[in-house]
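Shown next, in structure tokens, is the structure this report addresses.
The values are calculated or read from the model by the stated rules, or taken from the named source; none is laboratory data. Small disclaimer: the values here were computed from a predicted structure and weren't measured. Quick reminder, even Gly has a Cβ in these numbers, built from the backbone with ideal geometry, and neighbours come from all protein chains shown. These accessible areas exclude ligands, DNA and RNA; they are computed on the full protein's heavy atoms, side chains included. Shrake-Rupley method; radii C 1.70, N 1.55, O 1.52, S 1.80 Å.
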Amino acid sequence: MNKKHENNNELTNINETLKKAENLTLPSSLSEESINELLGSQKPAYTSSKNSKRKRAIAFAAVLAIVFSALIYTKPWQNSVAQTPKAPIKNLSGKVEVPNTPLSYKQLEDLFIKYKNANTRKHYSYSFGIGSKTSDSAMPGLGDDYIEIKNESAGIGNDESTSYGKTNEQVAGVNEADIIKNDGTYIYMAVKGNDFFYDYGSDESVTGKGEAARDMNIGGMSAPYNPMAKNSIAIIKPSINGQMQVMSTISAEVDSGITYQNIINMYVKGNRLHAIYDVYGKERHSSVLVVTFDITNKQKPIELRRFYQSGSHISTRLIENSLILITNHHVAMYDGSGSIRDYCIPETGTVFENTSRIPVDNICIMESAASPSYLVASNINLDKPNSTPATAAILGAGDNIYATTNNLYVTNGEWDKNFAHAFAKYDTEIAISSDTSSIDTNIYAFDITKGNVIYKANKAVNGSVLNQFSIDEYDGHLRIATTTGNFEKANNFVYVLSADTLQQVGIIKDIAPGESIKSVRFMGSRGYVVTFLQTDPLFVIDLANPSAPKILGELKITGFSSYLHPITSTLLAGIGVDGTETGQNNNLKVSLFDVSDPSKPKEVDKAVFGNGTASQYAHSIAYYDHKAISYDDKESIFYFPLQIHDYIYTSGNNKVTTGIIGLKID
């Protein structure tokens with residue numbers, strides 16, 4: 001009893017002392033900033049002498065005393081979790097504003113752990129379906145197609161030429177990355193590789209066991225062997241006689257801890273080259289790396305800055321001097337709880353092994369989050385190389401990207417709605433279903449002006465989106481085409497939404513029920529939608545009155561166009577699969593549509609490649625990658641890559657013919 005009484009007296013004395021200390025004014029040396037600086041400067045010592053230990057003990061005691069004084073001064077016990085101030089981000093290049101932010105990192109960590117515990121008992125091997133989207137990068141093994149179309153259509157190699165090919169881009173003023181760029185004088189070509197490099201510091205692993213003397217070959221152009229040549233950018237100077245000279249190759253330095261680094265694509269603007277890389281660490285965690293090079297001296301490029309963002313690559317855009325980077329940070333729910341806690345928050349930074357979690361205030365938890373994945377969006381201000389990019393994360397993932405010079409729109413299909421409910425109810429079971437008739441698409445809108453990432457609105461619409469061309473902004477409205485269901489249950493819609501609020505303004509329902517959308521193109525106040533089941537209806541849609549969109553005309557032909565390209569205001573080129581009245585065949589077809597009379601669209605000409613038999617198959621990557629297409633509007637030539645497969649078994653091999661087609665449009 002005496003001991004207990006003594007303890008109570010001591011507690012009373014401590015409480016009285018604390019109350020008196022609350023009114024103390026601390027000197028500036030004991031401010032929060034000074035304490036943080038002091039704590040950060042305490043480096044571990046590696047000596048075992050008694051004096052060193054004594055000094056460390058004294059220093060540590062002094063730090064504890066300062067911290068205790070600071071605790072008295074700041075009185076953290078009077079603050080709830082929700083009231084705890086967030087540490088400001090210094091030197092941020094723009095503003096970040098998002099709603100529905102969590103109270104703390106721990107709240108997010110607990111969300112993922114509880115969801116894992118509730119849903120993995122019966123479905124431990126189930127993997128969430130939202131992953132990396134690679135539509136912006138070249139498909140493996142098809143790099144030659146890209147090289148040929150860009151070189152053939154570029155018009156460079158003749159010093160007297162003033163025209164050159166450019167990447168086929170959806171929106172004027174919004175640049176899209178590519179694996180080949182040119183500026184009218186030089187060609188910049190990404191040489192992609194698929195190798196894992198586990199030891200960059202070893203001569204043997206880098207040179208490939210004695211291959212250092214071997215020359216590399218880039219598209220038929222010789223250059224000294226470079227151990228990272230399969231993962232580099234070649235700067236090439238074409239001459240008037242058609243010869244190509246490799247001025248230099250750019251290979252971004254590989255940071256410690258990286259086991260895989262592979263170039264995706266790039267931008268070239270003035271004397272700056274911005275290279276985008278896929279990066280993986282030793283624990284399978286992925287990031288995207290953006291490296292900026294000064295290419296003023298084409299023979300000696302210099303790295304200026306780098307920026308890592310966790311997640312897999314979705315897309316990028318270059319708007320004036322802002323590079324918009326979009327990734328998908330997926331949390332692997334089959335990992336252990338410790339790993340989930342460590343990696344369930346997106347990170348950014350300039351050093352791979354020293355990235356930091358993005359601030360809690362920059363994270364948004366969507367009520368409709370349909371996957372344990374984040375959409376991560378950064379606005380990298382290229383005019384401020386020493387500033388920290390503005391980064392926001394949306395717990396809700398993303399897939400298709402559409403951007404204007406002011407706004408960013410990201411769509412995300414709701415394939416698994418259970419994760420959304422897990423935040424409120426952790427015992428939700430995963431229900432795996434093959435029925436996609438109820439799939440919705442979420443649209444997130446952001447203001448990306450002035451280096452910012454500011455959330456504007458989100459909206460869910462019925463159906464799924466085919467690609468970025470299914471989305472378009474015009475005159476203050478966002479238009480989006482979707483498909484619900486499959487096969488005979490399919491149906492198609494065109495929504496018109498307010499660009500500011502994403503509230504629905506108008507809609508067209510039941511476009512070709514039982515068919516699916518194969519291509520979309522919006523051009524001003526008109527929209528063009530191609531659907532397919534056995535034949536190809538091309539619909540002309542009037543969007544002049546946003547609240548009352550309507551179908552003006554329809555054309556039914558065989559086959560279908562998987563990509564539509566505007567030639568003039570009244571002419572469209574469509575590339576896709578040829579067919580008969582009973583369905584598609586193995587031919588490739590380019591159609592020229594005259595839409596001058598929107599009520600009666602016509603196919604005025606066509607070009608077919610392939611013999612239409614089962615022994616031959618004609619194909620183009622332009623079906624699904626618009627960057628493989630180049631239209632020379634001065635010469636009116638439509639270029640695209642073509643592969644023809646002949647199934648003639650000679651020594652066990654088929655004959656494959658690869659080339660570039662240029663169609664003159666009168």
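Taking the condition of being part of a loop (DSSP other than H, G, I, E, B) and farther than 21 Å from Asn321 by Cβ, how many residues in segment 263-282 meet it? Spell out how you get there, then give the answer.
Taking segment 263-282 as the starting set, the residues that turn out to be part of a loop (DSSP other than H, G, I, E, B) are 270-271, 282.
Filter once more, keeping what is farther than 21 Å from Asn321 by Cβ: 282.
Residues in segment 263-282 being part of a loop (DSSP other than H, G, I, E, B) and farther than 21 Å from Asn321 by Cβ: 1 in total.
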Query raised in the report: If Ser368 passes every condition in (1) over 18 Å from the mean Cα position of the chain (by Cα); (2) more than 17 Å from Val461 (Cβ to Cβ); (3) at pLDDT below 85 but one, which one does it miss?
Result: (2)
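In this structure, does Leu588 turn out to be part of a strand (DSSP E or B), among the hydrophobic types (A, V, I, L, M, F, W, C) and within 31 Å of the chain's Cα centre (by Cα)?
Values: part of a strand (DSSP E or B): yes; among the hydrophobic types (A, V, I, L, M, F, W, C): yes; within 31 Å of the chain's Cα centre (by Cα): yes.
Here the answer is yes, as Leu588 does meet what is asked.
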Query raised in the report: Does Lys627 meet the test of being under 16 Å from Ser519 (Cα atoms) and part of a helix (DSSP H, G or I)?
Result: yes
Report task. List every residue pair whose Cβ atoms sit under 8 Å apart, with the two residues 6 or more apart in sequence or on different chains, where the first one lies in segment 244-265 and is among the acidic types (Asp, Glu) and the second, anywhere, is open to solvent by 30 Å² or more (accessible area, probe 1.4 Å) and in a strand (DSSP E or B). Result -> Glu253/Glu303
Query - Selection within segment 384-397 - out of contact with any His (no Cβ under 9 Å at 6 or more places or on another chain) and either closer than 21 Å to Ile319 by Cβ or open to solvent by 10 Å² or more (accessible area, probe 1.4 Å) (or both) - result: Lys384, Pro385, Asn386, Ser387, Thr388, Pro389, Ala390, Thr391, Ala392, Ile394
**Report entry** Of all residues in segment 450-480 being open to solvent by less than 30 Å² (accessible area, probe 1.4 Å), in contact (Cβ under 8 Å) with a residue 40 or more places away in the chain and in a loop (DSSP other than H, G, I, E, B), the one that is nearest to Ile511 (Cα to Cα)
**Finding:** Val465
Query raised in the report: Any residue at all in segment 492-499 that is over 24 Å from the mean Cα position of the chain (by Cα), free of Cβ contacts under 8 Å to residues at least 40 places away in the same chain and over 30 Å from Ile394 (Cα atoms)?
Result: no
Requested in this report: From (1) closer than 15 Å to Leu108 by Cβ; (2) surrounded by 22 or more Cβ atoms within 10 Å (Cβ to Cβ), pick out the condition that doesn't hold for Ile340.
Outcome: (2)
Requested in this report: For segment 359-371, indicate whether the set of residues that are open to solvent by 60 Å² or more (accessible area, probe 1.4 Å), outside any strand (DSSP E or B) and touching a Lys or Arg at 6+ places or on another chain (Cβ under 8 Å) is non-empty.
Outcome: yes
Query raised in the report: farther than 19 Å from Gly257 by Cα, part of a helix (DSSP H, G or I) and open to solvent by 10 Å² or more (accessible area, probe 1.4 Å) - does that describe any residue in segment 328-337?
Result: yes
Report task. Looking for whichever is touching a Pro at 6+ places or on another chain (Cβ under 8 Å) and on the phi < 0 side of the Ramachandran plot here; the options are Ala614, Ala622, Ala618, Ala607. Which one fits? Result -> Ala622
Report task. Mind telling me which of the residues Ser615, Ser630 ends up being of a type outside the set (A, V, I, L, M), open to solvent by 30 Å² or more (accessible area, probe 1.4 Å) and within 20 Å of Gly659 (Cβ to Cβ)? Result -> Ser615
Requested in this report: For Leu588, indicate whether it is crowded, with 21+ Cβ neighbours inside 10 Å and of a type in the set (A, V, I, L, M).
Outcome: yes
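Would you please name the residue that is most open to solvent (accessible area, probe 1.4 Å), looking only at residues in segment 252-298 that are of a type in the set (Phe, Trp, Tyr) and under 18 Å from Ile233 (Cβ atoms)? Before you say what the answer is, go through the steps one by one.
If we filter segment 252-298 for residues that are of a type in the set (Phe, Trp, Tyr), which is where we start, we get 260, 267, 277, 280, 293.
Still in the running and under 18 Å from Ile233 (Cβ atoms): 260, 267, 277, 293.
Working: Tyr260: 25, Tyr267: 2, Tyr277: 1, Phe293: 10 Å².
Of everything passing the filter in segment 252-298, Tyr260 is most open to solvent (accessible area, probe 1.4 Å).
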Requested in this report: Check Ile575, Ile557, Ile551, Ile567 and return the single one that is open to solvent by 40 Å² or more (accessible area, probe 1.4 Å), farther than 18 Å from Val465 by Cα and among the β-branched types (Val, Ile, Thr).
Outcome: Ile551
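Sort out which residues of segment 591-602 are part of a strand (DSSP E or B) and surrounded by fewer than 19 Cβ atoms within 10 Å (Cβ to Cβ), and write them in order of number. Spell out how you get there, then give the answer.
Just the residues of segment 591-602 that are part of a strand (DSSP E or B), to begin with: 591-594, 602.
Matches in segment 591-602: Asp594, Lys602.
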Query raised in the report: Within the group Asn400, Asn412, Asn381, which residue is modelled with pLDDT of 85 or more, touching a Gly at 6+ places or on another chain (Cβ under 6 Å) and surrounded by 24 or more Cβ atoms within 10 Å (Cβ to Cβ)?
Result: Asn412
Report task. Answer yes or no: is there a residue in segment 302-319 that is assigned to a loop (DSSP other than H, G, I, E, B) and open to solvent by 30 Å² or more (accessible area, probe 1.4 Å). Result -> no
Requested in this report: Take Ser599 and decide whether it is modelled with pLDDT of 90 or more, more than 29 Å from Lys166 (Cα to Cα) and over 33 Å from the mean Cα position of the chain (by Cα).
Outcome: yes
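Which fully enclosed strands (runs of 3 or more DSSP E) of segment 220-262 have 3 or more residues being at pLDDT 80 or above and over 12 Å from Ala190 (Cβ atoms)?
Numbers: elements: 221-223, 232-238, 244-250.
Strands (runs of 3 or more DSSP E) meeting the threshold: 244-250.
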Query - Residue that is in contact with a His (Cβ under 9 Å, 6 or more places away or on another chain), more than 16 Å from Ser519 (Cβ to Cβ) and basic (Lys, Arg), where the choices are Lys634, Lys600, Lys655 - result: Lys655
